[in-house]
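The next block holds one structure in the form of structure tokens; read it before the comments.
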Amino acid sequence: MSDMGSPALIHQPHRKDRAIVAFDFDGTLTVSDSFTQFLRWRAGAGGWFMGLARMAPDLAAYAGHRDRGRLKAASVREFLKSVPRTQLEADAEAFAGQVWPGFIRHDALACWKDWGAKGAYRVIVTASPETTVAPFARRLEADALLGTPLAFDADDRVTGAFAGPNCRGEEKVRRLRAAFGEDMQLAAAYGDTTGDTEMLAIADEAGFRRFKG
């Protein structure tokens, strides 16, 4: 099972008369990486540092392979394995509610709202797990959320793995086209890392590291 059953990942189907605008989440709409902050918040100070110590081999290996997806998968195994979906969703909701006031960039939010006022179909496209970003997407009234899907077992607990590729780089474009069609065109896209390069390249308006505050 994947985390595609999470609520409100796509609020409504896209209409052809609405421009599609894609926003990266971590570092673009937010001031820092949401998944890292969520794991740290959930584990507590002691649990966080103990978990990092157990991840030492994975952190050392990352210096060689530089595969963010592998490192993220290792963090899921360490900090979330066997957590029930309902508990994870409740924790994600509590985290979003606690950090929201200072977590979303003001200028990014203004841009987000401006596109909404123009009637655009606003999509969050993120490498973070859909389950943990969903509470933020709902608060933003996003039309859709495309992220990295967590895998759940027959008892609806996190297996410690992903149910699909890390939603980064070319995978962001693939996910957009899978959701909205091969002829999909972005009116605008916003991102802040090389993981957004391919998504920005297919947009009429590309905003790279545009938001600062």
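Of A137, A108, A189, all but one fail to be open to solvent by less than 30 Å² (accessible area, probe 1.4 Å), in contact with a Leu (Cβ under 8 Å, 6 or more places away or on another chain) and more than 30 Å from V83 (Cβ to Cβ); the exception is A189. For the condition open to solvent by 60 Å² or more (accessible area, probe 1.4 Å), under 20 Å from C167 (Cα atoms) and not small (G, A, S), R54 does not qualify. The single condition among (1) at pLDDT 95 or above; (2) of a type in the set (A, V, I, L, M, F, W, C); (3) open to solvent by less than 50 Å² (accessible area, probe 1.4 Å) that L71 does not meet is (1). Scanning region 90-104 for residues that are crowded, with 18+ Cβ neighbours inside 10 Å and more than 14 Å from R139 (Cα to Cα) yields a total of 1.
Of all residues in region 78-89, those that are surrounded by fewer than 17 Cβ atoms within 10 Å (Cβ to Cβ) and either of a type in the set (D, E, K, R) or without any contact (Cβ under 8 Å) to a residue 12 or more places away in the chain (or both) total 2. As a summary of the residue check, M184 satisfies the conditions (1) farther than 27 Å from L39 by Cβ; (2) at pLDDT 95 or above; (3) among the aliphatic types (A, V, I, L, M); (4) open to solvent by 10 Å² or more (accessible area, probe 1.4 Å) except for the one numbered (2). Taking L80, is it within 26 Å of F208 (Cβ to Cβ), within 19 Å of the chain's Cα centre (by Cα), of a type in the set (A, V, I, L, M, F, W, C) and at pLDDT 95 or above? No: the conditions fail for L80. Kindly establish whether R177 is surrounded by fewer than 22 Cβ atoms within 10 Å (Cβ to Cβ), in contact (Cβ under 8 Å) with a residue 40 or more places away in the chain and assigned to a helix (DSSP H, G or I). Judged against the criteria, R177 is not a match.
The residue of region 1-39 that is modelled with the lowest pLDDT, among those that are among the aliphatic types (A, V, I, L, M), in contact with a Lys or Arg (Cβ under 9 Å, 6 or more places away or on another chain) and part of a loop (DSSP other than H, G, I, E, B), is M1.
Beta carbons closer than 6 Å, at least 6 apart along the sequence or on distinct chains, pair a first residue in region 47-61 that is free of Cβ contacts under 8 Å to residues at least 60 places away in the same chain and aromatic (F, W, Y) with a second that is surrounded by 12 or more Cβ atoms within 10 Å (Cβ to Cβ) and in a helix (DSSP H, G or I) for W48/R40.
The values are calculated or read from the model by the stated rules, or taken from the named source; none is laboratory data. Keep in mind the model is a prediction, meaning the values are calculated, not measured. Glycine also receives a Cβ, built like all others from the backbone with ideal geometry; neighbour counts cover every protein chain displayed. With ligands, DNA and RNA removed, areas are computed over all heavy atoms of the protein, side chains included. Shrake-Rupley method; radii C 1.70, N 1.55, O 1.52, S 1.80 Å.
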